[in-house]
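Nothing in this text is a laboratory measurement; each read-out follows from the coordinates by a stated rule. The shown structure was predicted, so the numbers you read here are calculated from the model rather than taken from an experiment. Cβ sites come from the backbone with ideal geometry, for glycine too, and all protein chains shown count toward neighbours.
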Amino acid sequence: MIRVAVNGFGTIGKRVAWAVSRQPDMKIVGVSKTKPDWEARLALKWGLSLYVPREAVGEFESRGIDVAGTIEDMIASSDVVVDATPSGTGARYRPLYEGLGVRAVFQGGEKREVAELSFNPLVNFREALGRRFLRVLSCNTTGMARIVHSLAMVGGLERVFAVIVRRGADLREAKKGPVEGLILESLPPPSHHAADLKELFPKLDVSTYAVVAPTTLAHLHILSAQFKSPVGVGEVLEALRRTPRVLVLDGIASTAELRELARLSGRPFGDVFEVAVWESSVRASGNVVTLAYAVHQEAVVIPDNVDAVRAVAAPAVDPAESMRLTDETLGVGLDLKLAY
Ligand code: NAD
């Protein structure tokens, strides 16, 4: 059993803790909280052991929140820590992980130097096996990487241009905006997503624009891909359908309906782990293919985090088998397909 700690119990940490708890080859040591708020109580309600900074133990206990130990205790009892602390905080924790001889999986809000490799299970699982420190790419880059991996399977992919309309805040981020207006981010382009994607596909010509939108539901990308020779819609759809964690669907027109479908289909937390491609958006003209897809930011990186834990802690694991097990235990690929 791989002993896993989750440092940071926010949007990503909660979901990673849930996902790790479902793995037959992993055991969750506990999660950390720095403030004695509702999330700390939720962790206990879920039956998770709670670890806090040494100086905060008294404050938690005075509010009747049981503490299992300090964050250092939690890390020292683990084989792998999934660091889901706010952007930049993971880098400050790295010396502690290193000092205690624990492997770590960081998130996309950290700079790429925090880890030995930026990880996407579809693209570089084998390269990641046995590394000590991995960084799962950000939600937008993870979504784009799945689509680009799929397009690359068609053959002759040369160039990618994407417009990323990204959600302004997550549901729990009550004070974050924008509440009005669309913000053109990272001017002049490209946005940082292009450099992140090129880590996975170094030979690809990539450019991205990013727009921040007042929505919490999901990101929406419109991506144009140029191939060496003409490509048909049929072969692109076939490649997309064959790609794990990509869902081709139709019959819905918005990210709102996608999330509602996920909620009403009984998905945990109403999450969409897959990149959802609108089938009728796929267009081909000569060497150029264009398509649109949604990325549920809170969920898309969760299966990849589970695979990252296996990559660092179980170097003999078969990548395809790890992804299959992760997807089966999380219900990835099930029940959302809709076509009329
Ligand atoms: P979040 O703010 O929702 O959660 C962070 C958690 O860490 C909170 O519970 C916070 O209390 C806790 N925390 C703060 N300081 C801490 C410390 N010093 N030690 C331990 N815990 C501490 O953040 P998030 O959205 O879950 O993002 C976490 C990481 O995941 C970031 O790198 C982010 O870029 C990345 N990410 C976020 C999303 C998303 O949609 N939210 C998607 C993909 C990747």
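Right, Pro95: free of Cβ contacts under 8 Å to residues at least 60 places away in the same chain, over 20 Å from Asp307 (Cα atoms) and outside any loop (DSSP other than H, G, I, E, B) or not?
Yes; evaluated as a whole, the condition is true for this residue.
When you scan the range 53-70, do you find a residue that is closer than 26 Å to Ser138 by Cα and either touching a Cys at 6+ places or on another chain (Cβ under 7 Å) or within 13 Å of the ligand (Cβ to nearest atom) (or both), even just one?
The answer is no; no qualifying residue exists.
Can you tell me which of Ala294, Ala284 is within 16 Å of the ligand (Cβ to nearest atom), out of contact with any Cys (no Cβ under 6 Å at 6 or more places or on another chain) and not in a helix (DSSP H, G or I)?
Checking each option against the conditions leaves just Ala294.
Among the residues that make up the range 84-98, is at least one of them among the charged types (D, E, K, R) and surrounded by 21 or more Cβ atoms within 10 Å (Cβ to Cβ)?
No: the range 84-98 contains no residue that is among the charged types (D, E, K, R) and surrounded by 21 or more Cβ atoms within 10 Å (Cβ to Cβ).
Which ones in the range 98-113 are within 22 Å of the chain's Cα centre (by Cα), not in a helix (DSSP H, G or I) and not acidic (Asp, Glu)?
Val102, Arg103, Ala104, Val105, Phe106, Gln107, Gly108, Gly109, Lys111
Just checking, which of Glu116, Glu72, Glu127, Glu98 is farther than 19 Å from Ala314 by Cα and not small (Gly, Ala, Ser)?
When all the criteria are applied, what remains is Glu72.
Given (1) surrounded by 22 or more Cβ atoms within 10 Å (Cβ to Cβ); (2) within 12 Å of Ala308 (Cα to Cα), where does Cys139 come up short, assuming only one miss?
(2)
Those residues that are touching a His at 6+ places or on another chain (Cβ under 9 Å) and of a type outside the set (S, T, N, Q), I need them from the range 276-299; list them, please.
Across the range 276-299, the qualifying residues are Ala276, Leu291, Ala292, Tyr293, Ala294, Val295, His296.
Do we find that Lys27 is within 21 Å of Ala104 (Cα to Cα) and either out of contact with any helix residue (DSSP H, G or I) (no Cβ under 6 Å at 6 or more places or on another chain) or within 13 Å of the ligand (Cβ to nearest atom) (or both) in this structure?
Judged against the criteria, Lys27 is a match.
Do you know which of the residues in the range 107-139 that are aliphatic (A, V, I, L, M) and within 9 Å of the ligand (Cβ to nearest atom) is nearest to Ser150 (Cα to Cα)?
Filtering first and then ranking leaves Leu137.
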